[in-house]
1. I need to check one value: relative contact order of the stretch 22-86, counting alpha carbon pairs closer than 8 Å and at least 6 residues apart, in percent.
2. If a/c stays under 1.5 just call it rounded; otherwise compare a/b with b/c (prolate if a/b is bigger, oblate if not). Do that for the stretch 85-130, with a ≥ b ≥ c from the square roots of the Cα gyration tensor eigenvalues.
3. In nm, to one decimal, how far is the modelled label at residue 21 from the one at residue 142, with both set 7 Å along Cα→Cβ?
4. In whole percent, what relative contact order does the stretch 1-115 give with Cα contacts below 8 Å and a gap of six or more residues?
5. Please give the length that would be gained between residue 37 and residue 88 if that part of the chain were fully extended, namely 0.36 nm times their separation in residues minus their C-alpha to C-alpha distance (nm, one decimal).
6. Among 160, 6, which comes first, second and so on when ranked by fewest other beta-carbon atoms within 10 Å?
7. Taking neighbour Cβ counts within 10 Å as the exposure measure, how do 137, 57, 95, 144 sort from fewest upward?
């Protein structure tokens, strides 16, 4: 059964991590497919026969397959999993909690009740500052802070968190939640009144 929002809880924003991690897979995808296409065209035009006279036109399908197989393996084994991993990651800020969800086959949920947050820190590298992304660190009083990496528009997201914390009712108890350790479901379609940034 799908996990429901708590009474009075509203979704503020739903977003994914900054897509900069897709730059290398995208460039690799373009390079691999271009090289495979070039090599296949060279084979069809008889390039191998000019280099090695023993190679006849009967070898053409096998040589094309030898070019396409490694290219397909690289795309399927590296590029597609990176895209699927990014697509499956979500950051959801509600009026009561921050949820970070990762994975499709092996899901991992990380939830932090906003009532437990003492401080919100933003860490940015030079590249992240250029892309206006960053890592949000939530101080909840435990020895290690909760980290939410590569949040897009990180300063705006931080302001949303601080506004949601300010609007919490005084003395609100922390609700028990069975999704803290990744055992529950999250209603992705429940976004009434919320913003969806992708």
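Throughout, read-outs are computed from the coordinates displayed, never taken from laboratory work. Predicted model, so just to flag it, every value in this text is computed and none were measured. Ideal geometry is used to build each Cβ from the backbone, glycine not excepted, and the neighbour counts take in all protein chains shown.
1. Working: 33 pairs, mean separation 32.8, N = 65.
Relative contact order here is 50 percent.
2. Oblate is the answer for the stretch 85-130, as a/c is 1.5 or above yet b/c matches or exceeds a/b.
3. 2.0
4. Working: 116 pairs, mean separation 37.4, N = 115.
It rounds to 33 percent for the stretch 1-115.
5. Working: separation 51, 0.36 × 51 = 18.36 nm, distance 3.06 nm.
This chain segment gains 15.3 nm when fully extended.
6. Details: 160 16, 6 13.
Starting with the residue having the fewest Cβ neighbours, the order is 6, 160.
7. Details: 137 16, 57 11, 95 19, 144 8.
In order of increasing Cβ crowding within 10 Å: 144, 57, 137, 95.
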